Amino acid sequence: MLTWPLVFDQFIEERLVTDVLKIGERVWSGARSTRREEQLTVPAEAVARAVASFLEPGGTGEAARVRARELAVKAHAAVAEGGSSHSDMRRLINDLMQANEASSTSTAVCR
């Protein structure tokens, strides 16, 4: 993923993609701002250079694609039955059902 944030949370998401998950690269390292009067147009050469570098065999894009595949395997394992996300969702559903039953019981007692 090549990043080119323009506004608000996109700058945070860029950090997540490039620095934390390591599945992307910045298109432009020049000055950036969320203020329209301070924004610069990214030169076409910078975009072309980033795309070429990212698609180059053995380049940063290849490492990012390998990392993305590794993260995909982990994500699939988490949502599969018995995985951490699956278990957390099941626990949340059970907790909500219990809360609903408790609420129904207390409402019936008050009547």
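The values are calculated or read from the model by the stated rules, or taken from the named source; none is laboratory data. None of these values were measured; they are calculated from a predicted model. Quick reminder, even Gly has a Cβ in these numbers, built from the backbone with ideal geometry, and neighbours come from all protein chains shown. The protein model used for the area step is the full one, side chains on, heavy atoms only, and it has no ligands, DNA or RNA in it. Shrake-Rupley method; radii C 1.70, N 1.55, O 1.52, S 1.80 Å.
Worth a mention:
- Shape analysis of the chain based on the Cα gyration tensor places the equivalent ellipsoid semi-axes at 45, 23, 7 Å, largest first.
- Heavy-atom accessible surface of ASP95, to the nearest 10 Å², is about 80 Å², with a 1.4 Å probe and all protein chains retained.
- Amide H contacts of ARG26 (H built 1.01 Å from N, under 5 Å, at least 5 apart or other chain): THR3
- The modelled label-to-label distance between ALA72 and GLU101, using points 7 Å beyond Cα along the C-beta direction, is 4.1 nm.
- This model, with +1 at the C-beta of Lys and Arg and -1 at the C-beta of Asp and Glu, gives the chain a dipole about its Cα centre of some 100 debye.
- Å² of accessible area per residue within the chain, as computed with a 1.4 Å probe and no ligands counted: 76
- Order of exposure, largest accessible area first, which applies to ILE93, ILE12 with probe 1.4 Å: ILE12, ILE93
- Relative contact order, whole percent, for the chain stands at 19, derived from Cα pairs under 8 Å and 6 or more residues apart.
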